[in-house]
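The values are calculated or read from the model by the stated rules, or taken from the named source; none is laboratory data. No experiment lies behind these values; they were computed from the predicted model shown. In this analysis, Cβ positions are derived from the backbone assuming ideal geometry, glycine residues included, and neighbour counts consider all displayed protein chains.
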Amino acid sequence: MKTGHKILVVDDEQANTILLSEVLKESGYGVDTANDGFKAIAACKVRTPDVIILDLNMPLMGGMAVFQRLRKEEKTQDIPIIFLAAREDQLPKTDKIESEDIIYKPIKSEELLARVKSILREKALRDELKRKEQQLKELSLTDQLTELKSARYLGEFLGLGIKQARRYGVPLSVVILELDNVKDLLKKLGQKKCDSVVTQIAVIVGRQMRDSDIVVRSGPFEFTIALTVTPKEGAIEVAERLRMSLLEATFTAEDEIVNVTSSVGICQFAPHMDDEGKILMSHARAAVEQAHKEGGNRSLMAE
């Protein structure tokens, strides 16, 4: 069965490249091979693969160096990579590689094929979301103050994201962040200075998100992040990172030095929820309100 997907296998041990190639070809994948990092980079420039299977430990140029080079190029920066390693190998100290990105030798055919299939499904979903997002951009649904997406854009995006979540069974989560004590902040600073603080917060929030995530200014002092292919555990991690980023930041509003805290609500889409995201958003907002009632400066998960 032909899949139409091209896999690049990179390993300095020829026996490994032959074995992996045979397993992949038998499942209908097209396969290219390279026995060192330089040839792998060259191969990607000639024909961009859908997935790269990359040995971490190779002479001359190791897998981590190849990974870093590929991520610097626009053409290759989004190619999914599955790393190969021996269990006794010393793994690179980096937050760029998660444990689920690595397959340990000796490689089991079933594990390899399951990982490739999963990654390709995720890639197809992200590619479709990018195409749809480009279409939505044409609507110019942008918040004028922060240049983030608007609440209307969020509604359009959630409709698409929920459709994909139902169809493919992939997780979709939202995080809503709202500043604490906004009435006191407005009374102290006035609207103009508050707008300046909100604009600075938008930059901090936006910089921490992936390209596949959507960051929206959903209220005067509220931001909503739609996290694609993200379960509640990942959403909680994002929420806490954002909350701490604002807590530790210092903002300037003309002659004022401003510190803020925030309350954050998190919710993961569930099958019983509606297709427009109304229940999803209401649960997340309820968690925000509860966080405010408990004193603010905290993240709560809506169950």
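Please verify whether Glu294 is surrounded by fewer than 17 Cβ atoms within 10 Å (Cβ to Cβ), under 18 Å from Thr228 (Cβ atoms) and either touching a helix residue (DSSP H, G or I) at 6+ places or on another chain (Cβ under 9 Å) or assigned by TED's automatic domain parsing to the domain that holds Val205 (or both), treating the condition exactly as stated. It is false that Glu294 is surrounded by fewer than 17 Cβ atoms within 10 Å (Cβ to Cβ), under 18 Å from Thr228 (Cβ atoms) and either touching a helix residue (DSSP H, G or I) at 6+ places or on another chain (Cβ under 9 Å) or assigned by TED's automatic domain parsing to the domain that holds Val205 (or both). Taking the conditions exactly as written (surrounded by fewer than 15 Cβ atoms within 10 Å (Cβ to Cβ) and out of contact with any Cys (no Cβ under 6 Å at 6 or more places or on another chain)), does Arg217 satisfy them or not? So Arg217 does not fit the description; no. Restricted to segment 244-284, and to residues that are of a type in the set (S, T, N, Q) and buried (at least 21 other Cβ atoms within 10 Å of the Cβ), which residue is nearest to the chain's Cα centre (by Cα)? Only one residue tops the list, namely Gln268. Exactly one residue out of Val264, Val260 is under 21 Å from Gly206 (Cβ atoms), part of a loop (DSSP other than H, G, I, E, B), modelled with pLDDT of 95 or more and among the hydrophobic types (A, V, I, L, M, F, W, C), and it is Val260.
Filtering segment 36-64 to residues that are of a type in the set (D, E, K, R) and more than 17 Å from Ile18 (Cα to Cα) leaves Lys45, Arg47, Asp50.
Contact annotation: residue pairs with Cβ atoms under 7 Å, 6 or more positions apart or on different chains, pairing a residue in segment 141-158 that is buried (at least 21 other Cβ atoms within 10 Å of the Cβ) with a partner that is assigned to a helix (DSSP H, G or I) and at pLDDT below 85, are Tyr153/Leu136; Phe157/Leu136. Being touching a helix residue (DSSP H, G or I) at 6+ places or on another chain (Cβ under 9 Å) and of a type in the set (Val, Ile, Thr) is a property that Ile7 has. Of everything in segment 167-204, what is within 18 Å of the chain's Cα centre (by Cα) and surrounded by fewer than 21 Cβ atoms within 10 Å (Cβ to Cβ)? Give them in sequence order. Result: Tyr168, Gly169, Val170, Pro171, Ala202, Val203, Ile204. Among the residues of segment 275-300, those that are touching a residue at least 24 places away in the same chain (Cβ under 8 Å) and farther than 26 Å from Val197 by Cα comprise Asp275, Glu276, Gly277, Leu280. Of the residues making up segment 243-258, those that are more than 15 Å from Ser299 (Cβ to Cβ) and either among the basic types (Lys, Arg) or in contact with a helix residue (DSSP H, G or I) (Cβ under 8 Å, 6 or more places away or on another chain) (or both) are Ala249, Phe251, Thr252, Ala253, Glu254, Glu256, Val258. Of the residues making up segment 235-253, those that are in contact with a strand residue (DSSP E or B) (Cβ under 7 Å, 6 or more places away or on another chain) and part of a helix (DSSP H, G or I) are Ala235, Ile236, Val238, Ala239, Glu240, Leu242, Arg243, Leu246. Among residues of segment 47-73 that are under 11 Å from Phe83 (Cβ atoms), those with a beta-carbon under 6 Å from a residue that is charged (D, E, K, R) and crowded, with 18+ Cβ neighbours inside 10 Å at least six positions away or on a different chain give the pairs Asp55/Asp11; Gly63/Asp55. Here Ala85 clears all of (1) outside any strand (DSSP E or B); (2) of a type outside the set (S, T, N, Q); (3) touching a residue at least 12 places away in the same chain (Cβ under 8 Å) except the condition numbered (1). Residues that are in contact with a Gly (Cβ under 9 Å, 6 or more places away or on another chain): which helices (runs of 4 or more DSSP H) entirely in segment 2-81 hold 3 or more of them? Result: 63-72.
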